[in-house]
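The values are calculated or read from the model by the stated rules, or taken from the named source; none is laboratory data. These numbers were taken from a predicted model, which means no experiment stands behind them. All Cβ positions, glycine included, derive from the backbone under ideal geometry; neighbour counts span all protein chains shown.
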Amino acid sequence: MEVMILMKDQVEKLYNELSGEYNFFAPVKEKGYIAYRKISNPEEIELNYFNSKIPPKEILFPQMEVLFEFKTDGKNVIEIEDRKDLDEKNILFGIRPCDAHSFDLLEKFFAFGDFQDEIFLKKRENSLIIGIGCNSPKSTCFCTSIEGHPFQKDDMDIFLVDLGDKYLVEGISDKGRNIIQQLSWLSKASKTDVKEAKELAKKAEDLITTKLDLTNTSKILESNFSNAIWKEVSENCLGCGSCSFLCPTCTCFDVIDENAQYENRGRRIRIWDTCQFCLYTLHTSGHNPRNSNIERCRNRILHKFSYYPLNYDIIGCVGCGRCIQVCPVNNDLRTIINKINNIKTKEEENASA
Ligand code: SF4
Ligand code: SF4
């Protein structure tokens, strides 16, 4: 399929054409940050941004979500009302490549095992990602160490490249190509446009200076559960949870039933939770298997760099750098990975003995 051009002053036209059929989510400025919101006015769209503070996972997996509502006779549940909005179609517009990849990881988690999360999976199935290349990655980005790239397009349906006064538009999936055909007023890209996009991709790649070697990290972690390194890397952690709440691949949640006692109604909700909180694994007996920051910090790292590879054959981090940017005590994930990589494996120790 041909590569097309969307002029920047045509974004409104694109929105008007698609927002009748789709809930249109896009980056907007909110309280000084970028957030993904369902928009009703295309003038709100802000594509001149680095990345959002809260990742776009919140579109399909919000911080607070009603799973279902129920009616009671005052004592027992007599009726369950399932969600009626799951068949609605969504466009996730202006998503960065690392975050687009995070949806693949979230899908693996929510589809794993015998009890699949139908709410997340249905919404994901009905969502189309129109992503955009990252022309100016920041010093905290390291997607290229995790087989990603600032111009990675595999996890998107349509891929955009910012060429100044216009966007290069490329259909990636069948769903994306169908949408582009529907937008018959898009003009064709010239060879110069395509060449410029390639040059921008190379420039962006060169801006990512962090190079992490993750080849053996998972293997090292498997045999170093009790290593002294966990005390060292958790010493300054405040347990604030920012690193995991704002991580696009973290999925932990708590489930709560709320009753409106006088109306004989209630609802079951889920809210984000984090393994960095001391209450997260606290048993009713008072025992807590992750009683200190040491166990909690270890769990965050093992989850992403050991359990994800073991369960899904993929690294559970997309290299977005959010956890590095937001940590109030500068607990840098890249430093932790390098420290882990410097631990000798049992085979290396035996060989040098
Ligand atoms: S662990 Fe950090 S760098 Fe990796 S995906 Fe999560 S927030 Fe981004
Ligand atoms: S953001 Fe930093 S201080 Fe807060 S829980 Fe994570 S590592 Fe600890």
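Looking across region 286-321, not a single residue is near ligand 2 (Cβ under 9 Å from one of its atoms) and of a type in the set (F, W, Y). Considering only residues in region 126-167 that are over 18 Å from P56 (Cα atoms) and buried (at least 23 other Cβ atoms within 10 Å of the Cβ), the one that is farthest from the chain's Cα centre (by Cα) turns out to be Y167. Scanning region 202-215 for residues that are away from ligand 1 (no atom under 16 Å from the Cβ) and either in contact with a Gly (Cβ under 9 Å, 6 or more places away or on another chain) or at pLDDT below 95 (or both) yields A204, T215. Counting the residues of region 104-141 that are assigned to a helix (DSSP H, G or I), touching a residue at least 24 places away in the same chain (Cβ under 8 Å) and not charged (D, E, K, R) gives 6.
Criterion applied to K71, K13 was being assigned to a helix (DSSP H, G or I), in contact (Cβ under 8 Å) with a residue 24 or more places away in the chain and farther than 30 Å from S145 by Cα, and the one residue passing it is K13. Of the listed requirements (1) surrounded by 18 or more Cβ atoms within 10 Å (Cβ to Cβ); (2) away from ligand 1 (no atom under 16 Å from the Cβ); (3) within 22 Å of Q325 (Cβ to Cβ), T249 misses just one: (2).
Among the residues making up region 322-338, those that are near ligand 2 (Cβ under 8 Å from one of its atoms), of a type in the set (A, V, I, L, M, F, W, C) and surrounded by 14 or more Cβ atoms within 10 Å (Cβ to Cβ) are C323, V326, C327.
Taking first residues from region 228-243 that are within 16 Å of ligand 1 (Cβ to nearest atom) and partners that are part of a loop (DSSP other than H, G, I, E, B), the Cβ contacts under 6 Å between residues at least 6 apart in sequence or on separate chains come to C237/N331; G241/T274; G241/Q276; G241/F277; C243/C327. Put simply, of L106, L168 the only residue that is away from ligand 1 (no atom under 15 Å from the Cβ) and either at pLDDT 95 or above or under 24 Å from N311 (Cβ atoms) (or both) is L168. Restricting N76, N126 to residues that are farther than 28 Å from D313 by Cβ, more than 16 Å from ligand 1 (Cβ to nearest atom) and not aliphatic (A, V, I, L, M) narrows the list to N76.
When each of F225, F159, F151 is tested for being within 30 Å of E65 (Cα to Cα) and out of contact with any Cys (no Cβ under 6 Å at 6 or more places or on another chain), the lone residue that passes is F159. Residues in region 114-123: is at least one at negative phi and either among the basic types (K, R) or not assigned by TED's automatic domain parsing to the domain that holds N178 (or both)? The answer is yes; a qualifying residue exists.
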